[in-house]
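Trainee: Below is the structure I would like to discuss, written out as structure tokens.
The values are calculated or read from the model by the stated rules, or taken from the named source; none is laboratory data. Note that the structure is predicted; figures quoted are calculated from it, not measured. Note that we place each Cβ from the backbone using ideal geometry, even for glycine, and neighbour counts take in every protein chain shown. For accessibility, only protein heavy atoms count, side chains too; no ligands or nucleic acids. Shrake-Rupley method; radii C 1.70, N 1.55, O 1.52, S 1.80 Å.
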Amino acid sequence: MSGPYLHQDISRRTLLARAGQLGFLGTAAPLAMNLASAAEAAALGADDYRALVCVFLYGGNDYGNTLVPYDTINYSRYARIRGGVAFQRKDLEKTALTPIRPQTLTDNLQYAFAPYCPRLKILFEGGKLAPLLNVGSLITPLTLAQYKSSNRALYPLPPKLFSHNDQQCTWQAMGSEGATVGWGGRLGDLALAGNDHALLTCISAAGNAVFVSGDKALQYQISPEGAIAVKAFREPEYGSPAISEALHQLITQQRHHAMENELSVLARRSIEMEGVVNGALADINLQTNFVPVPHENPLASQLKIVARLIGARKQLGVKRQVFFVSLDGFDHHSDLMAKHADLMAKLDEALASFYTATVEMGVQRQVTAFTASDFGRTLANNGDGSDHGWGGHHFIVGGAVHGGQYYGTAPHVSVDAEDQVGQGRLLPSTSIDQYAATLARWFGVPDGEMAAILPNIANFDRGPLGFV
Amino acid sequence: MAVLVDSRPAMKASIAQGKISEAEAARFLLRAQFSAPDADIAFVRARGFSAWLDEQYKIPRAQTGVDWLTEHHHDAITKDAHYFWPTAGDYMIWNQMLAQPGEMRLRAAYALSQFFVISLNPIDGFWPPYIMAAWWDLLVDGAFNNFRDLLERVTLNAGMGMYLNTKGNLKEDKASGREPDENYAREVMQLFTIGLRMLNPNGTEKKDANGRPIDTYSQDDIMNLAHVFTGYDHDFDRVKHINVDWQNYPVITHEFCVDPMKLDPSKHSNLAVNFCGASIPANTPGKDALKIALDTLFHHPNVGPFFGRQMIQRLVTSNPSPAYVARVAAAFDDNGQGVRGDLKAVWRAVLTDPEALAAHDPADRFAGKLREPVLRLTSWARTVGLHCASGEWQIHNLSRSDNSLGQSPLRSPSVFNFFRPGFVPAHTSIAEANLVAPEFQLQNETSTAGYINFLQWMVRWGYGDVKPTYDPMREFAHDPDRVVDWLNLHLAAGQLSPETTKLIATALASKMVTQESPDEHKLDLLASASLLVLSAPEYLVQK
């Protein structure tokens, strides 16, 4: 509940601002245009459009209360282990899931979505959403004995397990904090040559994220309102054209100092792309209501601008795009029942609206969204929350998804089975690399390129997981 | 907005005699605090860096955040449930950042707030502003004390208890499967004391016999340590319960925000704890267990280089040499009188290190750090003067990067601060050189434009009734060269090149402001000058 923002008028005017209105901006080098020709990466040879959208749940999503054991036997195990953070079984009736084709899971598990996810249930039962069970960071497949082994040369562990920042980075870039190339960015590297605007290949609507940073592909940042124009160029107010021109020169000039120069590079990119992006977005207005219940949903706002950019794909001349959006606040050490509910409701609303928007634009088979998170959490409770874990459950949503059934291996509902490392911290049975490889193949990456994107993929069964 | 007292003897000392130039003094001051008032520049030039630090260490802290809130009636129990609103938490911290005297202590506290992180964002329940004010006051009070004392206060702080869940943390219960909450146990090690990897005294990672890094702790250490932090909750002893007719439960008063959390031995785990080589026997009383745990962390050899390197990054440079880190770590380990953890010694080591004070080499393409948005605003405000007619300082959360500053104090998105000490901006020559630039984590296409748009309004019209006065500059506002030179010294320590100052002065001259021009025109010029300087890459990178 913060007060009114100072500059509510800025966003309004930004939306009205359009490309090419200022003469002196035209002299800036068409930086982004040059990137495409500079890219030497293999083109994906795409003649259609495809977009991958990573939906990152920052903080480590609680898998136990996302897909909840619903059959009576497993539910009672769940309720016993979860104590004060368990749902009532009756509250799960409306979101209990029935696979499209009968499927037998571990211990005959049946799941329900968290009660706040009615729209995700509809997507599942309509075959547009696939859950991938117990996926997480691994370098090689591991059994519990191998996990406990001291032979780390033979059974290496992902570095810095259970640590937020490092496992976020592992999910996004297969390396701990400090990595500068994400696997979404590597997909972008392959797509650069096919896009007129190389800079619009990898886009984050959620601030800096290594996921969308490639070897060559840069990450472009967009705000929910679109690209942001430097207002002083068009409305000098108390300034003057001379002040505006000096400002433009100052913030875009080449500098000898590396950090100063990077600021100038960013400013040039910001200015140049604002005209291109807002120009293309001007005609894209979606009927889909992303916030059916009036409240703040930052994930829905981000997915809405992603949908509008996808809507502008022809104007922008892009064939392959990788997007990053996120929702914060999943580190539910306490008050899990109330706070997780709120976030799951936002996720439900945002993902379902986004899918609806792709249907509205007729691109539902060309757009695949998938979730990721720092890690799963413990199944054991700490009174009113859960702690950092490892494997977790994730979703893939889209018209090309073979949904309505589960992928991966369902974990036992337990705190001492062989598929977890204590307190219900899941030992992943599917690796991020396998998850990513399946999405990458759909995106158009040939098998021969896969090892360059996912260095550990050779350690796993190379077959795609089949969810898309 | 100079804050030093005029009567200090050094003020009378003649300036320009010492070896320290005006620009060097300003450069030092813009690291040690937010701004470089003329009085401080003169003091540093006359008496030296270390003497200036000695003076700052003697200045008692100014009004506390808690007292300010109460003076401004933010403790009022009103029907609109003001007691649940976070808003005054932002007013409180902006008042502290922009208006309270004792800049160096506040600057140090702000650096500490980026190491020991809590954020107003998720703080809910009664009196969020008081939770944040008590937290801020703790950092301001502790800024010139000992790290060990600060660590204990941080651990038991009411807001930290909410943020990392020590509040309400219960001992294990085998019957129900309940385990202690691990959040604080993990982050107190990973972020507040020792970090993830064993370090050499110079901050580089130690390696095992096979050349691999060595973890400082395991998940097992965390699960053990978590028991130490069980049994705590807010202390309601001094709290009054006020019945009101608009809700069916009483409103509680805000003393629990200020008082350290209280231990309930019946909820505290009595299991033996073994972590990081320390052993706490079963049935050790909670208070003693806490002492052993915090002593263990405090005496870990990692703390000096881990903490010291990050303080260098906050105040001086993103990429200190290992030798510089080692010198600061040595000061942490021993202040020269055998005391470990003396923060005064740490600030002195950080700010007066030969590497920090060496003249900037224009050939060095990687020197310094990007100024973070909060520091840009604070530095400008304290330099040109800011006046709030109502005294309420109603500046809100400025976190949004598309239409606001892009950062707000005590509003970090997570316990990992606004940016990570190891952040590498991809596709830059900084990355190619294997260097880091933490503040670049906030810099992107959106924030670049959003920041300039925010400035365009702020530097001319202010924010609500908080307005720039430009008092120190009005008398020469008709002289563009002098305006630019003055801003160059006071905001950028003379680091704007002649080309840049000429570019700005020429643009300002086109406004044709004369001595006789109306005040509005002079303010237009001074605002334009501020906008240009604060947007210039040469200013934005503090070298």
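Trainee: Can you say whether residue B:362 is in a loop (DSSP other than H, G, I, E, B), within 11 Å of chain A (Cβ to nearest Cβ), surrounded by 22 or more Cβ atoms within 10 Å (Cβ to Cβ) and more than 19 Å from the chain's Cα centre (by Cα), as far as the supplied structure shows?
Mentor: No, not satisfied.
Trainee: Just give me the residues in region A:149-162 being within 12 Å of chain B (Cβ to nearest Cβ) and either aromatic (Phe, Trp, Tyr) or touching a residue at least 40 places away in the same chain (Cβ under 8 Å) (or both), in sequence order.
Mentor: Hits for region A:149-162 are A:161, A:162.
Trainee: Okay, moving on. Restricting attention to region A:145-174, which residues are closer than 18 Å to residue A:376 by Cβ and outside any loop (DSSP other than H, G, I, E, B)?
Mentor: A:147, A:164, A:165, A:166, A:167, A:168, A:169, A:170, A:171, A:172
Trainee: Residue by residue through region A:73-92, note down the ones that are without any contact (Cβ under 8 Å) to a residue 12 or more places away in the chain and more than 14 Å from chain B (Cβ to nearest Cβ).
Mentor: Within region A:73-92, A:88, A:90 meet the criteria.
Trainee: When you scan region B:194-215, how many residues do you find that are surrounded by fewer than 21 Cβ atoms within 10 Å (Cβ to Cβ) and under 30 Å from residue A:380 (Cα atoms)?
Mentor: Matching residues across region B:194-215 total 3.
Trainee: Now, a different point. Quick check on region A:219-247: of everything there that is open to solvent by 20 Å² or more (accessible area, probe 1.4 Å) and over 34 Å from the mean Cα position of the chain (by Cα), which residue is nearest to residue A:281 (Cα to Cα)?
Mentor: That would be A:234.
Trainee: Is one or more of the residues making up region A:379-391 at pLDDT 95 or above, farther than 28 Å from residue A:338 by Cβ and either open to solvent by less than 20 Å² (accessible area, probe 1.4 Å) or among the acidic types (Asp, Glu) (or both)?
Mentor: So far as region A:379-391 goes, no, none of its residues is at pLDDT 95 or above, farther than 28 Å from residue A:338 by Cβ and either open to solvent by less than 20 Å² (accessible area, probe 1.4 Å) or among the acidic types (Asp, Glu) (or both).
Trainee: Among the listed residues B:390, B:408, identify the single one that is surrounded by 24 or more Cβ atoms within 10 Å (Cβ to Cβ), part of a loop (DSSP other than H, G, I, E, B) and in contact (Cβ under 8 Å) with a residue 12 or more places away in the chain.
Mentor: B:408
Trainee: Name the one entry in B:367, B:345, B:326, B:331 that is under 25 Å from residue B:111 (Cβ atoms), in contact with a His (Cβ under 8 Å, 6 or more places away or on another chain) and in contact (Cβ under 8 Å) with a residue 12 or more places away in the chain.
Mentor: The unique qualifying residue is B:367.
Trainee: Can I ask one more? Looking only at region A:411-468, which residues are basic (Lys, Arg), in a loop (DSSP other than H, G, I, E, B) and modelled with pLDDT of 95 or more?
Mentor: A:425
Trainee: Among the residues in region A:170-177, are any closer than 30 Å to residue A:272 by Cα and either buried (at least 21 other Cβ atoms within 10 Å of the Cβ) or more than 7 Å from every other protein chain (Cβ to nearest Cβ) (or both)?
Mentor: Scanning region A:170-177 turns up at least one residue that is closer than 30 Å to residue A:272 by Cα and either buried (at least 21 other Cβ atoms within 10 Å of the Cβ) or more than 7 Å from every other protein chain (Cβ to nearest Cβ) (or both).
Trainee: What pairs come up if the first residue lies in region A:378-393 and is facing chain B (nearest Cβ under 7 Å), the second is surrounded by fewer than 24 Cβ atoms within 10 Å (Cβ to Cβ) and in a strand (DSSP E or B), and their beta carbons are under 9 Å apart, counting only those six or more places apart or on different chains?
Mentor: A:380/B:178; A:381/B:178; A:382/B:178; A:383/B:173; A:383/B:178
Trainee: Within region B:173-189, does at least one residue satisfy the condition of being under 19 Å from residue B:252 (Cβ atoms) and open to solvent by 10 Å² or more (accessible area, probe 1.4 Å)?
Mentor: No, region B:173-189 contains no residue that is under 19 Å from residue B:252 (Cβ atoms) and open to solvent by 10 Å² or more (accessible area, probe 1.4 Å).
Trainee: Give me a count of the residues in region B:275-294 that are open to solvent by less than 40 Å² (accessible area, probe 1.4 Å), in contact with a strand residue (DSSP E or B) (Cβ under 9 Å, 6 or more places away or on another chain) and not aliphatic (A, V, I, L, M).
Mentor: 2
Trainee: Can you pull out the helices (runs of 4 or more DSSP H) entirely within region B:466-543 that have at least 1 residues that are in contact with a Phe, Trp or Tyr (Cβ under 9 Å, 6 or more places away or on another chain) and more than 13 Å from chain A (Cβ to nearest Cβ)?
Mentor: Result: B:480-492.
Residue-wise test of (1) farther than 30 Å from residue B:495 by Cβ; (2) out of contact with any helix residue (DSSP H, G or I) (no Cβ under 9 Å at 6 or more places or on another chain).
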residue: B:34; (1), (2): no, no
residue: B:53; (1), (2): no, no
residue: B:57; (1), (2): no, no
residue: B:71; (1), (2): yes, yes
residue: B:78; (1), (2): yes, yes
residue: B:87; (1), (2): yes, no
residue: B:92; (1), (2): yes, no
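This table checks each residue for (1) farther than 20 Å from residue A:143 by Cα; (2) buried (at least 16 other Cβ atoms within 10 Å of the Cβ); (3) without any contact (Cβ under 8 Å) to a residue 12 or more places away in the chain.
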{"site": "A:425", "(1), (2), (3)": "no, yes, no"}
{"site": "A:433", "(1), (2), (3)": "no, yes, no"}
{"site": "A:436", "(1), (2), (3)": "yes, yes, no"}
{"site": "A:445", "(1), (2), (3)": "yes, yes, no"}
{"site": "A:453", "(1), (2), (3)": "yes, yes, no"}
{"site": "A:461", "(1), (2), (3)": "no, no, no"}
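Trainee: Run residue B:333 past the list (1) touching a Gly at 6+ places or on another chain (Cβ under 7 Å); (2) surrounded by 23 or more Cβ atoms within 10 Å (Cβ to Cβ) and report the number of the one that doesn't hold.
Mentor: (2)
Trainee: When only residues in region A:212-254 that are among the β-branched types (Val, Ile, Thr) and outside any helix (DSSP H, G or I) count, which is farthest from the other protein chains (Cβ to nearest Cβ)?
Mentor: Taking the candidates together, the pick is A:222.
Trainee: Among the residues in region B:369-387, are any part of a loop (DSSP other than H, G, I, E, B), closer than 28 Å to residue A:179 by Cα, open to solvent by less than 20 Å² (accessible area, probe 1.4 Å) and within 14 Å of chain A (Cβ to nearest Cβ)?
Mentor: Scanning region B:369-387 turns up at least one residue that is part of a loop (DSSP other than H, G, I, E, B), closer than 28 Å to residue A:179 by Cα, open to solvent by less than 20 Å² (accessible area, probe 1.4 Å) and within 14 Å of chain A (Cβ to nearest Cβ).
Trainee: Which pairs do you get when a residue that is at the interface with chain B (Cβ under 10 Å from one of its Cβ atoms), found in region A:269-288, comes within reach of a residue that is open to solvent by 30 Å² or more (accessible area, probe 1.4 Å) and assigned to a helix (DSSP H, G or I), reach meaning Cβ atoms under 8 angstrom, with the pair 6+ apart or on two chains?
Mentor: A:269/A:31; A:271/A:25; A:272/A:25; A:272/A:31
Trainee: Right, something else. I need a count of the residues in region B:203-252 that are in a loop (DSSP other than H, G, I, E, B) and either over 28 Å from the mean Cα position of the chain (by Cα) or farther than 30 Å from residue B:136 by Cα (or both).
Mentor: Going through region B:203-252 one residue at a time, the tally reaches 24.
Trainee: Additional query: Of all the residues that make up region B:40-81, how many are surrounded by fewer than 16 Cβ atoms within 10 Å (Cβ to Cβ) and in a helix (DSSP H, G or I)?
Mentor: 8
Trainee: Further, regarding this structure: Name the one entry in B:144, B:126, B:116 that is more than 23 Å from residue B:183 (Cα to Cα), part of a loop (DSSP other than H, G, I, E, B) and in contact with a helix residue (DSSP H, G or I) (Cβ under 6 Å, 6 or more places away or on another chain).
Mentor: B:144 is the lone residue from the list that is more than 23 Å from residue B:183 (Cα to Cα), part of a loop (DSSP other than H, G, I, E, B) and in contact with a helix residue (DSSP H, G or I) (Cβ under 6 Å, 6 or more places away or on another chain).
Trainee: Is it the case that region B:175-195 has a residue that's of a type in the set (Lys, Arg), within 10 Å of chain A (Cβ to nearest Cβ), touching a Ser or Thr at 6+ places or on another chain (Cβ under 6 Å) and over 17 Å from residue A:161 (Cβ atoms)?
Mentor: No - not one qualifying residue is present in region B:175-195.
Trainee: Report the residue count in region B:82-106 for those that are assigned to a helix (DSSP H, G or I), within 14 Å of another protein chain (Cβ to nearest Cβ) and open to solvent by 30 Å² or more (accessible area, probe 1.4 Å).
Mentor: The total comes to 2.
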